[in-house]
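Undergrad: The structure that follows is given in the form of structure tokens.
The values are calculated or read from the model by the stated rules, or taken from the named source; none is laboratory data. These figures come from a predicted structure and were not determined experimentally. Cβ sites come from the backbone with ideal geometry, for glycine too, and all protein chains shown count toward neighbours.
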Amino acid sequence: MDMRNEATHLARNDQARAAAAQKAKAEFLTFRLGAEEYGIDILRVQEIRSYEEPTRIANAPSFIKGVVNLRGVIVPVVDLRIKLGCEKVEYNGFTVVIVLNVHGRVVGAVVDSVSDVLELAGDLIKPAPEMNTTVDTGFITGIASVGERMLILMDIEALMSSADMGLMDGAAQNLQ
């Protein structure tokens, strides 16, 4: 094989590897907040529990509902519906808490309901549109269309470690 053919062959291999990486599949737990459906990396999910009223903490922001004791671990519970500004927040039989492992800490996230686990190929995920808004949308990693469903994919670690959440330890906050 001469140098030109070898270079062409290597370039094709690189393109094939890039295309394969683009199509790499990832699994997302999907859940509902109001009328919208969201997806988070399944690897961050520890378990899904039915909603139980947490113990309220004085002077906590309204979206931090309190804490629960999960097998000896005190877990802060964040209502994502309040955090993300959903119009209606009601607790019913479908309301669940997704127990997450975020930066080595266990955190509960209250959502309206859990839908399913979806495996999405990279080419199904489109970048989130840029928006001029005062709301931080930096935690949105992309949008995926699955049939008639539109999924908002979020980086739950970025959302849970934002400054207003207060869930990171001091050393990690200093790094940001």
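Undergrad: Hey, Lys23 hits all of (1) surrounded by 10 or more Cβ atoms within 10 Å (Cβ to Cβ); (2) more than 18 Å from Leu120 (Cβ to Cβ); (3) among the basic types (Lys, Arg); (4) at pLDDT below 85 but one; which does it fall short on?
TA: (2)
Undergrad: Okay, moving on. Do we find that Ala109 is of a type outside the set (Val, Ile, Thr), within 15 Å of Ile40 (Cα to Cα) and under 16 Å from the mean Cα position of the chain (by Cα) in this structure? Give the steps one after another, and end with the answer.
TA: Values: of a type outside the set (Val, Ile, Thr): yes; within 15 Å of Ile40 (Cα to Cα): yes; under 16 Å from the mean Cα position of the chain (by Cα): yes.
Considered against the rule, which asks whether it is of a type outside the set (Val, Ile, Thr), within 15 Å of Ile40 (Cα to Cα) and under 16 Å from the mean Cα position of the chain (by Cα), Ala109 comes out as yes.
Undergrad: Here is a follow-up. Ile48 is checked against (1) at pLDDT 90 or above; (2) farther than 23 Å from Met154 by Cα; (3) hydrophobic (A, V, I, L, M, F, W, C) and fails just one. What number does that condition carry?
TA: (2)
Undergrad: Of all residues in the range 82-99, which are closer than 18 Å to Ala163 by Cα and not in a loop (DSSP other than H, G, I, E, B)? Walk me through how you get there before you give the answer.
TA: Residues of the range 82-99 that are closer than 18 Å to Ala163 by Cα, as a first pass: 82-85.
Within the range 82-99, Ile82, Lys83 qualify.
Undergrad: Another question, then. Please determine whether any residue of the range 84-95 is within 21 Å of Gly34 (Cβ to Cβ), crowded, with 20+ Cβ neighbours inside 10 Å and out of contact with any Cys (no Cβ under 6 Å at 6 or more places or on another chain). Don't jump to the end; show me each part of the working.
TA: So the first thing to find is which residues in the range 84-95 are within 21 Å of Gly34 (Cβ to Cβ), and the list is 84-95.
Add one more test, that the residue is crowded, with 20+ Cβ neighbours inside 10 Å, and what stays is none.
Within the range 84-95, none of the residues are within 21 Å of Gly34 (Cβ to Cβ), crowded, with 20+ Cβ neighbours inside 10 Å and out of contact with any Cys (no Cβ under 6 Å at 6 or more places or on another chain).
Undergrad: Taking the stated definitions as given, is Met154 of a type outside the set (Ser, Thr, Tyr) and either at pLDDT 90 or above or under 20 Å from Gly66 (Cβ atoms) (or both)?
TA: Details: of a type outside the set (Ser, Thr, Tyr): yes; either at pLDDT 90 or above or under 20 Å from Gly66 (Cβ atoms) (or both): yes.
Judged against the criteria, Met154 is a match.
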